[in-house]
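Student: One structure coming up, written as structure tokens, with questions to follow.
The values are calculated or read from the model by the stated rules, or taken from the named source; none is laboratory data. Everything numeric in this text was worked out from a predicted model, so none of it was measured. Because the Cβ atoms are built from the backbone with ideal geometry, glycine has one as well, and the counts that use them run over all protein chains shown. Accessible surface areas use protein heavy atoms only, side chains included; no ligands, DNA or RNA. Shrake-Rupley method; radii C 1.70, N 1.55, O 1.52, S 1.80 Å.
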Amino acid sequence: MRFAAQPVVSVFVPGVPAVSPNFEFGGTAPAEVQTYSLERDDPGPFPYATVTEYDLVFDELPADLHGYLSHCLRAACAVADGVVWLGFEGSFHFDDILTEAIAPQIYGVCAPGVEPVVAADLDTLRTPEWRSVIGSFRRRL
């Protein structure tokens, strides 16, 4: 969750939301939100030509990181019409969206009407159960 030694939470939202998610939670807000539009001419089997990435930059990660990450997923779902996820820097590629191969680099996922799922720790990301969770959300795309 660090990029160039700076704590960063990367939130991925398919499409281009009409409004930005509200990433403030319990008095915690990122110092900066950087927004990127990731585009592909031919999304292949993925139904969106664009994914919006929100990089939430912090001086220090929130004390209640799990709660904050769950909030970020809920906030992103509120402005999206599909599955949203949290991923490590460099994890995004249109060919690998929520695939089994990339599952160890996805640490949270949510879909409208479903509670967010956030990995409890880094060891969780390497388990067959986590790959199954990510796969279940991929099928919702």
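Student: In whole Å, largest first, what are the principal axis extents of the Cα atoms in the chain?
Tutor: Taking the Cα atoms of the chain, the three principal extents are 39, 35, 32 Å.
Student: Gain in length, Glu32 to Asp59, computed as 0.36 nm per residue apart minus the alpha-carbon separation, to one decimal in nm? If you can, show how the numbers build up before the last one.
Tutor: Working: separation 27, 0.36 × 27 = 9.72 nm, distance 0.95 nm.
In short, 8.8 nm is gained.
Student: Among Leu69, Ala103, Thr50, flag the residue with its Cα farthest along the positive direction of the charge dipole of the chain, charges on Cβ as +1 for Lys/Arg and -1 for Asp/Glu.
Tutor: Ala103
Student: Pull out a ≥ b ≥ c, the square roots of the eigenvalues of the alpha-carbon gyration tensor of region 39-117, then state rounded if a/c is under 1.5, prolate if not and a/b is larger than b/c, and oblate in the remaining case.
Tutor: On the way: a/c = 1.82, a/b = 1.50, b/c = 1.21.
The shape class here is prolate.
Student: Another question, then. Kindly write out, for region 16-21 in residue order, the coupling ³J(HN,Hα) from the Karplus curve 6.51 cos²θ - 1.76 cosθ + 1.60 (θ = phi - 60°), rounded to whole Hz, with x marking Gly and Pro.
Tutor: My calculation for region 16-21 gives 10, x, 5, 10, 7, x Hz in order.
Student: Before I look further, what does the chain give for accessible area per residue, probe 1.4 Å, in whole square angstrom? All intermediate terms of the calculation are to be shown ahead of the outcome.
Tutor: Details: 7220 Å² over 141 residues.
Counting only protein heavy atoms, the per-residue value for the chain is 51 Å².
Student: Ok, one more. Once the piece of chain linking Asn22 and Phe94 is laid out straight, how much longer is it, given 0.36 nm per residue of separation minus the C-alpha distance between them?
Tutor: 23.4 nm
Student: Right, here's the next one. Which net charge results for the neighbourhood of Ser37, defined as the other residues with beta-carbon distances under 14 angstrom from its beta-carbon, given Lys and Arg at +1 and Asp and Glu at -1?
Tutor: With Lys, Arg at +1 and Asp, Glu at -1, the net is -3.
Student: A further question follows. Sort largest first and round to whole Å: the equivalent ellipsoid semi-axes of region 1-69, each the square root of five times a Cα gyration tensor eigenvalue.
Tutor: On the way: eigenvalues 133, 34, 20 Å².
Rounded to whole Å, the semi-axes are 26, 13, 10.
Student: Sticking with this one: Run the accessible area of the chain with a 1.4 Å probe and give the carbon-and-sulfur part as a rounded percent. Numbers along the way, then the final one.
Tutor: On the way: 3580 of 7220 Å².
Taking all protein chains in place, the chain shows 50 percent carbon and sulfur surface.
Student: Compute the signed sum of charges (Lys and Arg +1, Asp and Glu -1) over the other residues within less than 14 Å, Cβ to Cβ, of Thr127.
Tutor: -2
Student: Counting other C-beta atoms within 10 Å, and keeping those with at most 14, which DSSP coil GluC sites (Glu not before Pro) do you find in region 37-141? Intermediate values should be presented prior to the final figure.
Tutor: Working: sites: Glu39, Glu53, Glu60, Glu89, Glu100, Glu129; in loops: Glu60, Glu89, Glu100.
Qualifying residues, ordered by number: Glu60, Glu89, Glu100.
Student: Charges at C-beta only: +1 for Lys and Arg, -1 for Asp and Glu. How large is the resulting dipole of the chain about its Cα centre, in Debye rounded to 20? Spell out each step's value before the answer.
Tutor: Working: 8 positive and 19 negative charges, 82 e Å.
Here the chain has a charge dipole of around 400 debye.
Student: Now for a separate question. Using the Cβ atoms and a cut-off under 12 Å, what net charge is assigned to the surroundings of Gly113, where Lys and Arg are +1 and Asp and Glu are -1? Provide the component values of the computation, followed by the final result.
Tutor: Details: positive: Arg74, Arg140; negative: Asp81, Glu115.
Combined, the nearby Lys, Arg, Asp and Glu give 0.
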